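To start, the structure itself, in structure tokens.
The values are calculated or read from the model by the stated rules, or taken from the named source; none is laboratory data. Values in this document were obtained by computation on a predicted structure and should not be read as measured data. As a convention, Cβ positions derive from the backbone with ideal geometry for all residues, glycine included, and neighbour counts pool all protein chains shown.
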Amino acid sequence: MTRADIWDIGARETAICLRATKQVVRQKIIAARDLIQCHPLTPELATEWFTSKGMGGFLFSAALIKWFARELHDVKRLCVQAYKNAWHLPRSTASALFIFPKTHAGMQSTLPMAVLTQELLLHAQRCIMMQNEDVSTKIMLAGLNRTLDEWLCNSFADLIEEMELWKWDDATGDFWSRLAKALQQSNISVTWAEQLHSRLASVHTTVKMSWAAATRSIRECKMRIETPEGRA
């Protein structure tokens, strides 16, 4: 057996484990959803219970597993069904009430994308904000270097801007690209981006403008032309 065969077997086993983890998370959400279908609690308490029990499995795996867009949409659909159960509403009730933010007269319920973004941020901050660089911090920074090289960007802020041109499934191959896409998609800015850039300066050669930044406007124009009705 060659080294390539060993890597191939390892990759297949990892994929099987990830699928199994996703299935367990989905089953826990469904079980929690069904348990509050005829609950005696107030809607607020039922919602809080589901967020704790139903979303708990997703919370612990969100930062470490690559979730595809269709899978996130399915988890979101199950969560909205649970929130309708919490408020004793039929499944036919408009889902926008639970999805829209409070500033738009919605309930701003806890949904998978918000949980995913929060956990990715917390995972990054735990490593980046450490004063002394331990092994985990060095691994994270090395991973960011590889991601920047892959996307032809020269900073994390540049990477976040680049994510605007890519769909979720195309832009989430590793931790840092997932975080950048989640921040871009949620329109969230991070205060430690400059600190992160300065810590990378000693190991990552930067230029005034990356190739991604130099060609971004052209690629954005091309994308808008090829998209129906000029929408990206």
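In summary, ALA69 fulfils each of the numbered conditions (1) farther than 23 Å from ASP170 by Cα; (2) small (Gly, Ala, Ser); (3) in contact (Cβ under 8 Å) with a residue 60 or more places away in the chain with the single exception of condition (1).
Anything in the range 165-190 that is assigned to a helix (DSSP H, G or I) and of a type in the set (Asp, Glu)? List them, or say none. Scanning the range 165-190 gives ASP169, ASP170. Of all residues in the range 108-151, those being at pLDDT 90 or above and not in a helix (DSSP H, G or I) number 3.
Screening ARG219, ARG178 for residues that are modelled with pLDDT of 90 or more and among the basic types (Lys, Arg) leaves exactly one candidate, ARG178.
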